[in-house]
Amino acid sequence: MAKFKLIVSDPDTGKSSVSEVEGARAQALIGRSLGELIDGTALGIAQGRLLISGGCDKNGIPMRADVHGSAKKYIVISSGPGFKPTRRGERRRKLVRGRSISDDIYQVNFTLNQDGQREKEVKTEGQEKPSKIKDDKTKETKTSKKTKESKSQNQSK
């Protein structure tokens, strides 16, 4: 039976919450990969959509999005999950896990994705923009009047 520790972080508030999932809810995560969006209500942990952002297995080996499958592999890396270089340009061969979630994964990290609220904010901003455009038009008409006045003065000279 699969059992995962789920960590959901909210980038707006900077807080994170931890919960554990096992059984049928955990089976819904098997086969998913990093970067996928999942409905949080299906997992019973949060409202809205969740982005799978990372994870590790029981030994602490991190998952990487650029490694296919769910197996452990040695890869040469210069930065990112699994390696922090101490010198500039340093590269090492490190053991990492693939991007797919399997039974061997212990912890899965999620980022709360609130696209619905952001779309509403964009729509309200779109309604405010016409008033800004009107302000810009009045500025343009003022500058065009000034240029017309200067042209007429230049012609009279």
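The values are calculated or read from the model by the stated rules, or taken from the named source; none is laboratory data. As the structure is a prediction and not an experimental result, all values here were calculated from the model. Note that each Cβ is placed from the backbone with ideal geometry, even for glycine, and that neighbours are counted across all protein chains shown.
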request  = Could you please give the count of residues in region 59-89 that are farther than 16 Å from residue 33 by Cβ and of a type in the set (Asp, Glu)?
outcome  = 0
query = Only one residue in 73, 58 is more than 22 Å from residue 112 (Cα to Cα), over 22 Å from the mean Cα position of the chain (by Cα) and touching a residue at least 40 places away in the same chain (Cβ under 8 Å), so which one is that?
reply = 58
message = Condition first: surrounded by fewer than 12 Cβ atoms within 10 Å (Cβ to Cβ) and either of a type in the set (A, V, I, L, M) or under 14 Å from the mean Cα position of the chain (by Cα) (or both). Now tell me which residues in region 21-36 satisfy that.
response = 24, 35
task = Within region 37-61, track down each residue that is outside any strand (DSSP E or B), modelled with pLDDT of 90 or more and surrounded by fewer than 16 Cβ atoms within 10 Å (Cβ to Cβ).
result = 58, 59, 60
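Residues to consider are 87, 91, 97, 32; find the one that is touching a Pro at 6+ places or on another chain (Cβ under 7 Å), charged (D, E, K, R) and modelled with pLDDT of 90 or more. Walk me through how you get there before you give the answer.
Values: 87 fails: touching a Pro at 6+ places or on another chain (Cβ under 7 Å); 91 fails: touching a Pro at 6+ places or on another chain (Cβ under 7 Å); 32 fails: touching a Pro at 6+ places or on another chain (Cβ under 7 Å).
Only one candidate passes the filter, namely 97.
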query = Looking at region 1-36, which of its residues are among the acidic types (Asp, Glu), assigned to a loop (DSSP other than H, G, I, E, B) and over 18 Å from residue 100 (Cα atoms)?
reply = 12
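Kindly evaluate residue 36 against the criterion of being under 14 Å from residue 107 (Cβ atoms) and touching a strand residue (DSSP E or B) at 6+ places or on another chain (Cβ under 8 Å).
Values: under 14 Å from residue 107 (Cβ atoms): no; touching a strand residue (DSSP E or B) at 6+ places or on another chain (Cβ under 8 Å): yes.
Answer is no for this residue.
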